[in-house]
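Take a look at the structure below.
The values are calculated or read from the model by the stated rules, or taken from the named source; none is laboratory data. Owing to the predicted nature of the structure, the values given are computational and were not obtained by experimental measurement. Positions of Cβ are backbone-derived with ideal geometry, glycine not excepted, and every protein chain shown enters the neighbour counts.
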Amino acid sequence: MENVVRLTPTLKAVAAVATLVLAATACGSSGSSGSSSGGLNPPDLKAQSKLGKSEGEVNLIAWAGYVEDGSNDPKVNWVSDFEKQTGCQVNSKVAASSDEMVKLMKTGEYDAVSASGDASLRLIASGDAAPVNTNLVPNYKDIFPDLKLQAWNSVKGRAYGIPHGRGANLLMYNTQKVTPAPTSWAAVFGDASKYKGHVTAYDSPIYIADAALYLKATKPELKIKDPYALDQTQFDAAVALLKKQNGDIGEYWSDYLKEISAFKSGDSVVGTTWQVIANLTADEGTKIKAFVPKEGSTGWSDTWMISAKAKHPNCAYQWLNWIVSPKVNAQVAEYFGEAPANAKACEETSDKNFCTTYHAADTAYWKNIAFWNTPIEQCLDGRTDVKCVPYAKWVQAWTEIKG
């Protein structure tokens with residue numbers, strides 16, 4: 001349903017994996033906490049009650065950079081020790097999109113998936129993902145509290161996965177060419193014509209939520225509560241704003257190396273980015289700043305989920321516990337370029353400023369991030385008197401927006 005690129009941060013990772021596809025992760029409204037999945041009523045599946053004997057292998061679907069065994073970079077390997085300690089041989093498949101993840105999970109051939117928010121509710125609603133017994137994941141206790149039982153990884157207080165990592169979508173601008181310094185997303189919406197042809201935006205249907213978040217702050221008459229829960233009127237307003245913006249866009253980005261290059265050359269001077277991209281752009285010598293504007297931002301948070309048809313559930317549970325253990329979660333976070341989910345991971349990062357740079361423990365920072373979620377007809381903001389526009393129609397609209 002999308003063609004978005006999921007990025008790995010290091011140049012070595014890029015060389016190994018080339019271009020990948022990013023998918024949305026998620027939460028409900030900006031600053032929301034707790035599960036709020038509206039009228040979603042998933043099948044009544046039971047979580048596993050206790051761990052049994054290891055089955056000897058586990059089949060995983062993951063974003064590139066999440067399951068590294070040293071084959072891409074000999075120095076990047078957290079799979080081999082897992083296999084030695086558990087006896088579970090890891091078989092992994094890199095997925096290019098959330099839609100591919102959903103299709104693969106439906107085959108029943110995979111035990112677990114690192115699902116993003118635009119996939120997680122689909123997997124829960126269809127019964128392809130089982131509830132998770134967090135008591136079987138000892139490292140869960142050290143996960144940051146504001147990542148637990150959220151709208152993209154739980155329904156009605158039942159956990160459907162283990163948080164892995166998170167990041168925010170930032171506004172980046174060239175400090176030498178964009179003046180005065182912007183404070184608002186108006187820089188890429190209302191004022192975008194000032195930089196016509198040099199504005200960049202994230203290439204994904206989920207970017208519609210960025211427009212909705214801006215309208216939430218600037219058009220209160222629309223009564224938008226959650227940028228992923230848009231009725232037809234609200235949705236049409238967001239689409240209209242993006243169609244207007246399209247005339248000022250120089251390039252929609254999905255490959256982060258192209259965004260770095262565009263900012264370096266001056267082809268792009270303002271637009272959306274991630275912290276890891278901002279870091280690398282600055283390292284290239286480009287004078288940029290990246291920040292969360294006053295309206296807040298969208299963002300992503302990935303969740304390891306277990307298949308309801310898992311043939312190796314015991315090894316899957318051991319993998320979930322391993323991947324969020326402090327040392328491993330730190331390794332993944334640094335390699336991928338995201339804030340770790342385990343609070344103790346910050347003590348294990350090789351760069352001692354890493355968690356500060358990525359705001360890992362900054363609760364106030366994350367309250368301003370509306371994490372990606374799966375738009376469904378049952379409005380995620382709790383409304384029952386209207387239907388909201390489902391993600392399939394976001395995909396259709398994105399094609400129209402881009403012309």
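If you go through segment 57-67 one residue at a time, do you hit one that is aromatic (Phe, Trp, Tyr), assigned to a loop (DSSP other than H, G, I, E, B) and assigned by TED's automatic domain parsing to the domain that holds Ser350? Yes, that holds for at least one residue. Tell me, which residue of segment 276-307 that is in a helix (DSSP H, G or I) and in contact with a strand residue (DSSP E or B) (Cβ under 8 Å, 6 or more places away or on another chain) is surrounded by the fewest Cβ atoms within 10 Å (Cβ to Cβ)? Ranking the qualifying residues of segment 276-307, first place goes to Ala282. Condition test on Ala187, is it among the hydrophobic types (A, V, I, L, M, F, W, C), under 23 Å from Asn373 (Cβ atoms) and in contact (Cβ under 8 Å) with a residue 24 or more places away in the chain? Criteria not met by Ala187. What do you reckon, is Ala238 surrounded by fewer than 21 Cβ atoms within 10 Å (Cβ to Cβ), under 23 Å from the mean Cα position of the chain (by Cα) and not acidic (Asp, Glu)? For Ala238, the condition - surrounded by fewer than 21 Cβ atoms within 10 Å (Cβ to Cβ), under 23 Å from the mean Cα position of the chain (by Cα) and not acidic (Asp, Glu) - is not met.
Every residue in segment 58-99 that is acidic (Asp, Glu), out of contact with any helix residue (DSSP H, G or I) (no Cβ under 6 Å at 6 or more places or on another chain) and touching a residue at least 24 places away in the same chain (Cβ under 8 Å), please.
Filtering segment 58-99 for residues acidic (Asp, Glu) gives 68-69, 73, 81, 83, 99.
Then drop every residue that is not out of contact with any helix residue (DSSP H, G or I) (no Cβ under 6 Å at 6 or more places or on another chain), which leaves 68, 81, 83, 99.
Of everything in segment 58-99, those that are acidic (Asp, Glu), out of contact with any helix residue (DSSP H, G or I) (no Cβ under 6 Å at 6 or more places or on another chain) and touching a residue at least 24 places away in the same chain (Cβ under 8 Å) turn out to be Glu68, Asp99.
Only one of the numbered conditions (1) more than 23 Å from the chain's Cα centre (by Cα); (2) without any contact (Cβ under 8 Å) to a residue 40 or more places away in the chain; (3) crowded, with 20+ Cβ neighbours inside 10 Å is not met by Lys223, and that is (3).
Can you say whether Ala370 is part of a loop (DSSP other than H, G, I, E, B), under 21 Å from the mean Cα position of the chain (by Cα) and surrounded by 13 or more Cβ atoms within 10 Å (Cβ to Cβ), as far as the supplied structure shows?
Here the answer is no, as Ala370 does not meet what is asked.
The set of residues in segment 84-99 being at pLDDT 95 or above and either surrounded by 15 or more Cβ atoms within 10 Å (Cβ to Cβ) or assigned to a loop (DSSP other than H, G, I, E, B) (or both) consists of Thr86, Gly87, Cys88, Gln89, Val90, Ser92, Lys93, Val94. Among the conditions (1) surrounded by 20 or more Cβ atoms within 10 Å (Cβ to Cβ); (2) more than 30 Å from Ile376 (Cβ to Cβ), the only one that Ser193 does not satisfy is (1).
Yes or no: segment 223-242 includes at least one residue that is in contact with a strand residue (DSSP E or B) (Cβ under 7 Å, 6 or more places away or on another chain), within 20 Å of Val270 (Cα to Cα) and either assigned by TED's automatic domain parsing to the domain that holds Val386 or small (Gly, Ala, Ser) (or both). No. State all residues of segment 385-403 that are at pLDDT 95 or above and of a type in the set (Ser, Thr, Tyr); if no residue qualifies, say none. Residue satisfying the conditions is Thr399 alone. Determine whether Ala310 is in a helix (DSSP H, G or I) and small (Gly, Ala, Ser). Criteria not met by Ala310.
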